[in-house]
Structures are given as C-alpha cells and as structure tokens.
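Some notes on the structure that comes next.
The values are calculated or read from the model by the stated rules, or taken from the named source; none is laboratory data. This is a predicted model, so every value here is computed, not measured. Glycine also receives a Cβ, built like all others from the backbone with ideal geometry; neighbour counts cover every protein chain displayed.
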Amino acid sequence: MKALVLGGSGATGKLVVQQLVKRNIQVRVVVRESAIIDSKISHDKSIEIIKGNINDFEIAKIKDLVQDCDSVICCFGHNISLKGLFGPPRKLVSNTVGNIIEAIQTLNLNTKFILMSTTAYTNKKIGEVNTFGEKIVFAVLKVLLPPHKDNMLAADHLVYKLDSNSNINWVAVRPDSLIDEDNVSEYEIHNKKIRSPISNPGKTSRINVSHFMVELVTNDKLWQEWKHKTPVIFNKE
Ligand SMILES: NC(=O)c1ccc[n+]([C@@H]2O[C@H](COP(=O)([O-])OP(=O)(O)OC[C@H]3O[C@@H](n4cnc5c(N)ncnc54)[C@H](OP(=O)(O)O)[C@@H]3O)[C@@H](O)[C@H]2O)c1
C-alpha cells in the first residue's frame, strides 16, 4: 500500500506520515525546498521525499505522483504569516484539490482522496445552516482572509463538483480548533456540526485528526461509512 501526503512537513501532515509508516504503508511526501524535515523522516526507507511545490507542477507530474498510490491525503494549509495569509498562492488548497482529482479521474484510478478541511466549512448539501452571527463572521472572513475562501472552495469542489455517483472516492475531514497532544486519545466523529465553531468551538488534537485519516486509509468499513461525506471530529471531553 502506498500513500501520497501533501503538506507532510506541516504540524498535522508530519503526524500522518508517522502513523502511515507505523502501519507499514509506503509514503510519498511532497515538500517545499525550504521545508524542514526531521532526520527520522529523511532517513526512513519507507518514505520517498519529492522536493518542490505542487502548485508549480504540471498536471503530467501530478499524475506521476498519484498513479501508484492507493490514497492521497492533503494536509495543506496557509502559513500563519503575512506572506502565507495574504500572498500567493491564494488558491493553494483548492487548486491542489482540483489537480489531484483531475489526475485521479483521467487515470481512472480507485484512489482514496482525503482532505483536511475545517468546521468553518458548512455543508449545506446535508442541511447544515449557519446562524445569523456565523453568516456575518464567515462572510467577513471570506472577504478579508484569503485562506478561509481557499478552504471553502476546496471543500466545495468535493461536495458540489463531484456527486455521490462519482467514481472519485473522497472524504473531507473537519476538525474544530486544532491543539497539539502527544498521544491519540478518544475522539468522536459526527456527520454534521454539533456546535458552533464561532460561538462554542470544540477542540481537536492534530494527532487524533491524523489517526482518523490513517484509519480511513486502512479500514475499508470505516471508509465506506464516510465516503463522499464531510465528517466532523472532536476530542472527547
Ligand atoms: N488552526 C486550526 O484551528 C484549524 C482548524 C481546523 C482546520 N484547520 C486547517 O488544517 C490544515 C492544516 O493545519 P496544520 O496546523 O497542520 O497546518 P501547518 O502546520 O501550517 O501545515 C501546512 C502545510 O502546508 C504547507 N504549505 C503552506 N503554504 C504552502 C505553499 N504556498 N506551497 C506549498 N506548501 C505550503 C506547509 O509547508 P511548509 O512546511 O513548507 O511551510 C505545511 O506542510 C489547514 O488547512 C488549516 O486551515 C486549522
């Protein structure tokens, strides 16, 4: 089994790589030239490191990256810096999602695609509705914060551009406020948001997000349960 991890140098992506390796899954990561890679990762024979920015890759190269992978996990996020939040590429996540899906579709692969999304995404297709206050906050964020718009477009691509009969297998995992913890703890998965990410946010540890995403890769029963859905994940309180 082989998995392609995008954003593997990030806080959650690193944990995804570690958990895949622990389960004897071959991993291919794409990291920027500037990314700092732990020596444990760079010396691990089960991890293939491709250097470069996937945003600059031609579709042919993206097809090469994807074609022998059983799953693709995207943990991209804009860096929390002026350049990361307001500079290019403003469509880092949504363009990547579009390109990966195009590669999977044109190669006619059965690859699982897992997107790390956010509870800021409201899945109206399953009846989620924003309160008046949330509508205002999200509208302001969409205008003022390019990464928010990018994350919304990325999830919309899966929810609206691919219907449930599509041959593309995807799950968009929605964590709430991310925190760091050393170990996997009990967590809960919901089909819909059960609390407001604005007025009553919950906590989700990155290690639990990575655990759930890797479970989706390895556990076909779980995959069938969540395929074409946008599960919300919280730490158990
Ligand atoms: N913060 C929260 O509470 C929260 C809640 C729910 C969901 N989320 C979402 O969760 C996702 C991941 O979170 P995280 O904390 O694990 O993120 P992170 O540590 O910031 O990792 C982001 C990854 O994206 C890569 N990246 C950033 N800008 C890039 C660019 N221009 N070109 C190529 N790669 C780029 C980074 O590469 P480098 O290492 O090279 O910088 C890194 O690998 C984000 O999309 C975020 O929106 C966040």
* Asked: Out of 86, 132, which single residue is in contact (Cβ under 8 Å) with a residue 60 or more places away in the chain, more than 21 Å from residue 3 (Cβ to Cβ) and among the aromatic types (Phe, Trp, Tyr)?
  -> 86
* What are the residue pairs meeting all of these: first residue in segment 199-218, first residue free of Cβ contacts under 8 Å to residues at least 12 places away in the same chain, second residue part of a helix (DSSP H, G or I), Cβ atoms under 8 Å, and 6 or more apart or on different chains? -> 215/222
* Structure fact -> The lone condition residue 140 fails out of (1) exposed (fewer than 12 other Cβ atoms within 10 Å of the Cβ); (2) under 17 Å from residue 195 (Cβ atoms) is (2)
* Looking only at segment 67-120, which residues are among the small types (Gly, Ala, Ser), within 14 Å of the ligand (Cβ to nearest atom) and either modelled with pLDDT under 95 or over 12 Å from the mean Cα position of the chain (by Cα) (or both)? -> 77, 81, 84, 87, 120
* Structure fact -> Residues of segment 171-198 being surrounded by 14 or more Cβ atoms within 10 Å (Cβ to Cβ) and in contact (Cβ under 8 Å) with a residue 60 or more places away in the chain, in sequence order, are 171, 173, 178, 191, 192, 193, 196, 197, 198
* Top-ranked residue of segment 143-170 - restricted to ones that are within 16 Å of the ligand (Cβ to nearest atom) and among the acidic types (Asp, Glu), ranked as surrounded by the most Cβ atoms within 10 Å (Cβ to Cβ) -> 150
* Which residue pairs have Cβ atoms closer than 7 Å, lie 6 or more positions apart in sequence or on different chains, and pair a first residue in segment 219-237 that is at positive phi with a second residue that is of a type in the set (Ser, Thr, Tyr)? -> 228/164
